[in-house]
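All of the numbers you see were taken from the coordinates with simple rules; none came from a lab. Nothing here was measured: the structure is a model prediction, and the numbers come from that model. Note: ideal-geometry Cβ built from the backbone for every residue, glycine included; neighbour counts use all protein chains shown.
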Amino acid sequence: MKRLIITLCTALMAAVSFAAGAGIKFDEIVHNFGTFDESKGKVTCEFKFTNTGSAPLVLQEVKASCGCTTPEWTKTPVAPGKTGVVKATYNATGRPGAFNKTITVKSNAGETKLTIKGEVSNGKKAPVGEDL
């Protein structure tokens, strides 16, 4: 009986200490740029997040799925209840067509995948009766 009580107390303390960490909640995890012309070059969006936990939130790594997307992020610890941002810039130059890119955010609150998508048009119009 004594072992059971000690085991239960240990498990309860571990659960409480685990729950007392940082938490992350993004306002949105998918951003759709819609259709835009390639001549626009780079397009940027911001993913705003809030630390929903009780400890400072630290973004340890933010990584894009390819070199055409560049992430920037809040580098300082985010206090509980405060907000930060992950920016994603997509370089559309020379990339006409649909795109769907992933930004992986690793923090002391776990891992979150963000997505940017859209369609790049090349701005060329076919002469009447011809295809491009």
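See the values below:
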item: FRET efficiency, 1/(1 + (r/R0)^6) with R0 22 Å, evaluated for N100 and K42 via beta carbons; result: 0.80
item: Given K40/K82; K40/K63; K48/K113; K40/K117, the pairs whose alpha carbons are separated by over 22 Å; result: K40/K82; K40/K63
item: Total formal charge among the other residues, if their Cβ is under 12 angstrom from that of G84, Lys/Arg +1 and Asp/Glu -1; result: +2
item: Potential extension, K87-S65 segment - 0.36 nm per residue separation minus Cα distance; result: 6.5 nm
item: Virtual spin-label span in nm between K75 and N122, 7 Å along Cα→Cβ; result: 3.9
